[in-house]
Amino acid sequence: MTALQLPAHVVSAVMRLAHYAGARGWVPATSGNFSVRVEAAAFAVTASGGDKGSLTAEGVIRADVTGPRHPRASAEAPLHAMLYRRSPEIGAVAHVHAQSAVLASLLLNTRGQVRLEGLEMQKALAGVRSHQDVVEVPIFANDQDMERLSAQIEASLGNAASRWGFLLAGHGLYAWGSTVDETLRHLEAFDDLFSVSLKRKGIPV
Ligand SMILES: [Zn+2]
């Protein structure tokens, strides 16, 4: 299926996510992938390859949350499908290779998590009311087998600590939200929180 079988506003929403990330340098060398839920069992996702910063409608395809991966779908589409399947409230998912996320996954690992605390910007994450809350972002080992990785992450998720996103070590960030706006806000917040946390430890970003 192609973008022709998708509502125009959904295709535009995927493009908005991709262009936003591209403008910030978070998806170098054709990396990154983005999706928006179409209905309970379907989502629109970026096709494999291509510069996401200049994504066009032809680069957005329809995928099923339970079905086999579309031949043109991003190799990481199974991770998007898993998130939509397990969390009906998720409306959009973004995956970026932002340097702040890659560095945080390698240098701020505390027992398999990045612990964010004492930062006002934590309140940009849905449901966080105070800088005194501790936000734990899980880190999973990277894996080129996305089906296996997806199954492993699905088995590990399910706690409050994974409400907004997770990191793949040495790879990047997955973040999501109930809407595209919330997903963009979470991406921006994570980039800022990771950058500040790295600098706090004397690591230049
Ligand atoms: Zn990636």
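Some observations on this one:
- Of all residues in the stretch 51-80, those satisfying the criterion of being over 15 Å from Ala94 (Cβ atoms) and among the hydroxyl-bearing types (Ser, Thr, Tyr) are Ser54, Thr56, Thr66.
- Among the residues of the stretch 153-175, those identified as within 16 Å of the ligand (Cβ to nearest atom) and in contact with a Gly (Cβ under 8 Å, 6 or more places away or on another chain) are Gly172, Leu173, Tyr174, Ala175.
- Which listed residue is surrounded by 14 or more Cβ atoms within 10 Å (Cβ to Cβ) and part of a helix (DSSP H, G or I), from Val128, Val196, Val114, Val137: Val196
- Test: residue in the stretch 156-168 that is surrounded by fewer than 17 Cβ atoms within 10 Å (Cβ to Cβ), within 23 Å of Glu89 (Cβ to Cβ) and in contact with a helix residue (DSSP H, G or I) (Cβ under 9 Å, 6 or more places away or on another chain): yes
- Taking first residues from the stretch 170-183 that are under 14 Å from His95 (Cβ atoms) and partners that are assigned to a strand (DSSP E or B) and near the ligand (Cβ under 9 Å from one of its atoms), the Cβ contacts under 6 Å between residues at least 6 apart in sequence or on separate chains come to Gly172/Val96; Leu173/Val96; Tyr174/His95.
- The single condition among (1) under 14 Å from the mean Cα position of the chain (by Cα); (2) more than 16 Å from the ligand (Cβ to nearest atom); (3) of a type in the set (Val, Ile, Thr) that Val114 does not satisfy is (1).
- In summary, Arg69 fulfils each of the numbered conditions (1) within 16 Å of the ligand (Cβ to nearest atom); (2) of a type outside the set (A, V, I, L, M); (3) at pLDDT 95 or above with the single exception of condition (3).
- Just one of the listed residues (Ser178, Ser150) is within 16 Å of the ligand (Cβ to nearest atom), under 26 Å from His70 (Cβ atoms) and either open to solvent by 40 Å² or more (accessible area, probe 1.4 Å) or among the small types (Gly, Ala, Ser) (or both), and it is Ser150.
- Output for the stretch 26-49, where each listed residue is aliphatic (A, V, I, L, M) and either within 15 Å of Arg72 (Cβ to Cβ) or within 11 Å of the ligand (Cβ to nearest atom) (or both): Val27, Ala29, Ala44, Val45, Ala47
The values are calculated or read from the model by the stated rules, or taken from the named source; none is laboratory data. Since the model is a prediction, treat every value here as computed from it, not as a measurement. Here the Cβ is made from the backbone with ideal geometry for all residues, glycine too, and neighbour counts use every protein chain on show. Note: accessible area is taken over every heavy atom of the protein model, side chains too, but ligands, DNA and RNA are not part of it. Shrake-Rupley method; radii C 1.70, N 1.55, O 1.52, S 1.80 Å.
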